[in-house]
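**Q** Sharing a structure with you now.
Nothing in this text is a laboratory measurement; each read-out follows from the coordinates by a stated rule. Note that the structure is a prediction, hence the values are computed from the model and not measured. Cβ atoms come from the backbone with ideal geometry, glycine included; neighbour counts cover every protein chain shown.
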Amino acid sequence: MHLGDPPVNSQLPLAVEDVQNDFLAIHSRLKSLRARVDDLGTIVNEVSALRAAFNSIEAGANAFKLNMFLAVFFPLTLVATMLGMGGDYLLGEKKFWVFWASSAPLAKVIGAVLMTDRFRSSWNVQVDNPRREVRRPLVSTFEDV
């Protein structure tokens, strides 16, 4: 039964025919509202997908920060482990300075390699497409810490 269709039974009293017409009017109004609700449901799903994408970007940025932290401290722990076997390299002994003399430059070299690789990848993006606007990341990076 649609709006504008003749009533189902014209033998019914006038009040019942009016009720049928009222239900048809309500039905047509609810159909338009249902379409709006369906559209809003789609929007809600897209917003939740965007939120999940932003969360994954933030998790990736946090993983990057952790990796950079570990990349700097790994050489220190490696040298400390090798020198920690005993002998003249222990704390307070005469060759304890070797730890700092070997681990600090090693940490600087690894940090420089990591930063050079990062700058090289951003340079390649700019050289490949110089007209393209380079966008900053949505979340903070290691330099913002």
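**Q** Could you check the spin-label model distance between ARG34 and ALA52? Points 7 Å from the Cα along Cα→Cβ, value in nm.
**A** 2.8 nm
**Q** Along Cα→Cβ, 7 Å out, is where each label goes; now give me the distance between the ones at ALA59 and VAL98 in nm to one decimal.
**A** The answer from the label model is 4.5 nm.
**Q** What lysines could a cross-link reach from LYS31, if we take a straight Cα to Cα line under 25 Å and drop same-chain neighbours fewer than 8 places away?
**A** Filter leaves no residues.
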